[in-house]
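Single-structure report; data block below.
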């Protein structure tokens with residue numbers, strides 16, 4: 001008989017050192033697991049928009065990221081977490097990830113005025129026209 005292994009993917013585990021994205025958009029590392037629903041987190045990011053104070057957080061209100069601070073001791077204080085955060089380069093890893101890029105794009109779109117949205121629409125129409133023109137040329141030659 002075939003052997004079947006059932007388990008979650010390795011990056012989905014809640015563990016000390018795992019980076020969470022909190023409801024307010026900030027990042028925090030799990031410092032201690034309180035129980036199956038809550039964890040003590042600390043987010044000493046250098047970016048003030050991503051920084052989070054040390055506090056207990058409900059895991060239902062946080063999203064687990066694939067980023068991990070390796071070998072972070074349980075119950076580490078803020079200074080130790082900050083050193084480990086900087087050594088692991090969490091801010092840089094987060095900034096180059098798709099999640100952060102999509103968030104920046106959404107914020108930019110939210111900030112557009114009505115006239116800016118109109119200009120974007122015109123540019124999209126222009127691009128679509130050029131694409132169709134090239135496609136028609138290719139079909140005609142085939």
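Taken together, the values in this text are just the output of simple stated rules run on the coordinates, not laboratory data. Computed from a prediction, not measured in an experiment: that's the story for all the values here. As a convention, Cβ positions derive from the backbone with ideal geometry for all residues, glycine included, and neighbour counts pool all protein chains shown.
In the elastic network of the chain, a GNM with C-alpha springs shorter than 10 Å, the most mobile of 127, 49, 109 is 127. Between residue 58 and residue 36, residue separation times 0.36 nm minus the direct Cα-Cα distance comes to 7.0 nm. Extension gain for residue 129-residue 23 works out to 34.1 nm (0.36 nm per residue, less the C-alpha to C-alpha distance). Between residue 100 and residue 139, the FRET efficiency estimated from the beta carbon spacing at R0 = 41 angstrom works out to 0.55.
At q = 0.16, 0.27 Å⁻¹, what base-10 log of I(q)/I(0) does the Debye formula yield for the range 10-88 when every alpha carbon is treated as an equal point scatterer in vacuo? Log10 of I(q)/I(0), two decimals: -0.47, -1.49. How many angstrom lie between the C-alpha centres of the range 46-81 and the range 104-129? The two parts, judged by their Cα centres, are 36 Å apart. Read through the labelled values (1) 16.2; (2) 13.8; (3) 10.1 and report the label of the one computed as mean projected area of the Cα convex hull in nm² from the structure. Computing mean projected area of the Cα convex hull in nm² and matching it to (1) 16.2; (2) 13.8; (3) 10.1 gives (1). Peptides 66-72, 24-30, 34-40, ordered by how many other C-beta atoms sit within 10 Å of their residues on average, highest first, read 24-30, 66-72, 34-40. Roughly speaking, what is the stretch gain from residue 92 to residue 110, that is 0.36 nm per residue apart minus the C-alpha to C-alpha distance, in nm to one decimal? This chain segment gains 4.1 nm when fully extended.
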